[in-house]
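Visitor: Could you have a look at this structure, given as structure tokens, before my questions?
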Amino acid sequence: MIRNLTRLTTHAALAAAAVLALTAAPGIARAETRVGAVSTNFRLLGANDKIVVERLDDPKLPNVACYASFARTGGIKGSLGVATDPSRFGLSCIATGPVTLPADLPRKQQIAAISASFLVKHFNLYRLVDPDHKAVVYLLISTKIIHGSPANAVSAVPVTGG
């Protein structure tokens, strides 16, 4: 019993540390813009399951917008915010104007995070620069504090300016 309590406390401490690290990390967008949602499964109690579409703007490239779609679990747990959403998502990024790369732009950087469960799972958006083909590649992955996930989606935007 004490061993299980110690293990639970350790997992809770890891979860709290990860949340603090994600919240304190500079340059990572916390606020995304919800574009809309479509119900996919009726739930008698609590919210329906749905597919949500959110826009994530690149903080260093003002003319790039990424649209992520992902499943949200409904029901009582989903309504209370404690359900774990499945790692099923899509990503599409567009240029809304000329895209120029700042000289100090890192070749790889996490730029956004979306919570997919209470404390332990996130969908993280990374920006990767491909200078050979003058493109910016965006990679959306699913992460967990203890075990990662191979679930991912990718989209690319051409660099059009200087």
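Visitor: Do you know which residues across the stretch 58-84 are under 30 Å from PRO158 (Cα atoms), touching a Lys or Arg at 6+ places or on another chain (Cβ under 6 Å) and not aliphatic (A, V, I, L, M)?
Guide: Selection gives TYR67 alone.
Visitor: While we're here: Looking at the stretch 54-78, which of the residues that are of a type outside the set (A, V, I, L, M, F, W, C) and in a loop (DSSP other than H, G, I, E, B) is modelled with the lowest pLDDT?
Guide: THR73
Visitor: Only one of ILE111, ILE51, ILE141, ILE94 is within 14 Å of GLU32 (Cβ to Cβ), modelled with pLDDT of 90 or more and either of a type outside the set (D, E, K, R) or in a strand (DSSP E or B) (or both); which?
Guide: None of the others qualify; the one that does is ILE111.
Visitor: Among the candidates ALA112, ALA135, ALA103, which residue alone is touching an Asp or Glu at 6+ places or on another chain (Cβ under 9 Å) and either within 24 Å of GLY161 (Cα to Cα) or open to solvent by less than 20 Å² (accessible area, probe 1.4 Å) (or both)?
Guide: Residue meeting the stated conditions: ALA112.
Visitor: Can you pull out every residue in the stretch 115-130 that is under 13 Å from ALA156 (Cβ atoms) and either surrounded by fewer than 16 Cβ atoms within 10 Å (Cβ to Cβ) or of a type in the set (Val, Ile, Thr) (or both)?
Guide: LEU128, VAL129, ASP130
Visitor: Could you give every pair whose Cβ atoms fall below 6 Å, whose first residue belongs to the stretch 79-90 and is farther than 17 Å from VAL53 by Cα, and whose second residue is among the aliphatic types (A, V, I, L, M) and surrounded by 14 or more Cβ atoms within 10 Å (Cβ to Cβ), counting only separations of at least 6 or pairs across chains?
Guide: Final answer for the pair search is SER79/ALA47.
The values are calculated or read from the model by the stated rules, or taken from the named source; none is laboratory data. Being a predicted model, the structure only gives us computed values, none of them experimental. Please note: Cβ atoms are built from the backbone with ideal geometry, for glycine as well, and neighbour counts cover all protein chains shown. Side chains included, ligands, DNA and RNA excluded: accessible areas come from the protein's heavy atoms. Shrake-Rupley method; radii C 1.70, N 1.55, O 1.52, S 1.80 Å.
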